[in-house]
Every structure is written in C-alpha cells, then in structure tokens.
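Below you'll find the structure, written out as structure tokens, and then a few comments.
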Amino acid sequence: KLKQQGVQVEGVVRARLRARFVAARGDRPPHNHRHSHCHRRPCAAQASATHPSPSTTAARARPGRSHMGKVPFALTFVRYEEGDSVGYAAALLSLAPIFIIVAYAALLVGRRELHTCFLFAGQMANLVLNSLLKRTFRSPRPLGSDRSDSGMPSDHAQFMAFWAVYICLFLKRNVRFLSRPGWRATLGAAVATLALLVALSRVYLGYHTAEQVAAGLCIGALSGSAWYHLYEAALRPNAARVLRSIRPLSSYLHLRDCSHLEDVVSWEAESMAADVRARRSAD
C-alpha cells in the first residue's frame with residue numbers, strides 16, 4: 001500500500017510540474033526521458049517549426065515584411081555546373097564588372113581626376129538606366145535560370161559595353177603616349193574582347209538569352225558613346241571653370257584636371273625627375 005501511495009504521489013507531482021511548465025512557457029510539456037528510446041529525433045523542418053530561430057521569430061514579428069526574403073546581389077551571384085571548366089571561366093568573367101568598379105575606386109582615390117569622376121558617374125547612370133529598362137520590359141530569364149527577375153536587357157552586357165566603347169573612344173582621341181605602333185589597337189582590341197566574352201558568359205551560364213545580351217550590348221554602346229561625346233563637348237573645354245565653381249569641394253578633395261596635357265605619363269615622369277634633381281641640389 002505504501003508503495004502504491006508513493007507511485008500515486010509521484011504521478012501527481014509530475015502532473016503538477018508539467019502543468020506549471022506549460023503555463024510558464026506556453027509550449028508543449030517536457031519530453032518524458034524514460035521513454036526517449038521509443039521516439040524518433042525530429043527532423044530539421046519539425047525542429048524549426050517547433051522551435052523557430054530568432055530570425056524567423058523576428059520576421060514573424062514584422063507583419064509588413066513577412067513575405068520578403070533574402071535575395072542575392074545580382075553582379076556577384078554566379079552558378080556553374082560542377083566540373084565544367086568553361087563554366088568556371090565564364091563565372092570568373094561575370095565578375096569583371098566588380099573588378100572594374102574596384103579599379104574606379106582606386107583611380108578616384110589615387111588620381112583624383114575630374115574626368116574619372118565624370119566617367120564613374122556615367123557608369124552608375126548606366127546601371128540606373130538598366131534597372132529602369134528591366135522594370136519596363138519585364139522579360140523573363142531563360143528556362144532553368146535560378147533567378148526570377150527581369151532579364152531584358154542584360155546588366156552585365158550593358159555595363160561592359162558602356163565601359164568598352166568609352167575607353168576605346170578615349171584611347172583613340174586623347175591618349176598620346178599610345179602613338180607607338182600597335183599599342184592603341186592592342187589595348188582597344190583587348191577591351192572590346194573582354195566586354196564580348198563577359199556578354200557571352202551570361203548566355204553560356206543560362207542567365208540571359210542571346211536577345212537580352214544583344215540588347216544590353218547595343219544600349220550600353222550607345223550610352224557609352226553619348227557619354228563620351230558629352231565629355232568632349234561640355235566637360236573637357238570647361239573643366240577649369242567647373243573646378244572653380246566647386247572650389248571648396250575641389251580644394252578639399254584635391255580634384256584636378258589634366259585633359260590639357262598631351263601626354264600625362266611623360267609629364268608626370270619629367271616632373272618627378274625635376275623634383276628629385278631640385279631636392280638633391282638643395283641638399
């Protein structure tokens with residue numbers, strides 16, 4: 001009798017503790033560890049549903065953003081088939097716009113040229129134009145693509161075409177030190193080839209159709225040409241006036257304009273050599 005009474009008391013105590021636990025946590029009662037070997041371990045989906053993560057709880061707490069999820073950054077999100085060496089090379093080529101933006105940043109910090117600021121502003125305006133065109137056309141990407149946003153026109157193709165056309169026109173008209181035989185044609189061909197390979201890589205990886213890439217190349221080429229002619233017609237003749245008009249900012253950032261120099265590289269080399277000679281003579 002004492003043994004039976006003890007078992008009954010133990011059951012009552014467990015029931016009361018379970019009820020207190022449920023009232024305090026608002027969750028299901030604790031698991032009975034005596035029979036843990038009789039139950040399977042819950043899968044990840046069940047565990048996440050029963051015990052949601054902090055991010056899921058935060059998303060549920062924000063009713064206005066509960067339908068929104070994380071999206072990849074378009075210029076760096078690249079996938080290719082495992083073991084495909086051509087796909088690997090195409091994925092690397094797709095990152096060319098990122099490297100070009102890094103080069104822009106290095107030139108802006110190191111050179112502080114007004115022309116570089118103008119070119120970078122045009123490149124960013126070209127990206128804005130691409131975003132507006134995508135929202136206008138809303139053309140789907142090819143079947144099998146892991147992205148569901150609009151694909152017309154290709155942002156990579158438009159970016160590279162703008163950059164390539166502008167650089168080729170600038171090399172042809174303004175860079176005097178490339179007057180040596182072969183250099184101008186070699187650099188121009190390299191720039192154009194890189195832009196074309198990046199555009200083709202988007203078709204090979206399945207992110208764009210040939211029509212979307214062709215549209216991006218045409219729009220980027222027209223934008224790059226128009227932006228370069230705007231530089232030649234408006235900014236280059238009035239560069240000194242523009243720097244004077246923004247003198248507090250240009251003085252603070254040490255902006256300069258070297259468009260009046262025929263050969264900037266030779267001028268900088270001669271200036272540095274003259275400065276070294278002057279310091280040595282002073283010592």
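The values are calculated or read from the model by the stated rules, or taken from the named source; none is laboratory data. Treat the numbers as computed from the prediction; the structure is a model and nothing was measured. Cβ coordinates were reconstructed from backbone atoms using ideal geometry, including for glycine residues, and neighbour counts include every protein chain displayed. Accessible surface is based on the protein model in full, side chains and every heavy atom, while ligands, DNA and RNA are left aside. Shrake-Rupley method; radii C 1.70, N 1.55, O 1.52, S 1.80 Å.
Assorted remarks:
- All-pairs Cα distance distribution in segment 224-283, expressed in whole percent, bin size 10 Å: 19, 30, 34, 13, 4, 0
- FRET efficiency, ARG241 to LEU107 (Cβ-Cβ, R0 22 Å, nearest 0.05): 0.45
- The chymotrypsin sites (Phe, Trp or Tyr not before Pro) of segment 76-130 that DSSP puts in a loop, and whose beta carbon has at most 16 other beta carbons within 10 Å, are PHE77.
- Accessible-area ranking of ARG20, ARG247, ARG184, largest first, probe 1.4 Å: ARG20, ARG247, ARG184
- Applying a DSSP loop filter and a limit of 15 other Cβ atoms within 10 Å to the GluC sites (Glu not before Pro) in segment 253-283 leaves GLU262.
- Using θ = phi - 60° and Karplus 6.51 cos²θ - 1.76 cosθ + 1.60, couplings along segment 186-192 (whole Hz; Gly, Pro as x): 5, 5, x, 5, 5, 5, 5
- Counting all C-alpha pairs of segment 165-283, share separated by more than 25 Å (%): 49
- Dimensions in Å of segment 70-206 - Rg and Dmax from alpha carbons: 16.6, 52
- Protection-proxy order for peptides 209-217, 10-18, 185-193, each taking the mean of Cβ atoms within 10 Å per residue, highest first: 209-217, 185-193, 10-18
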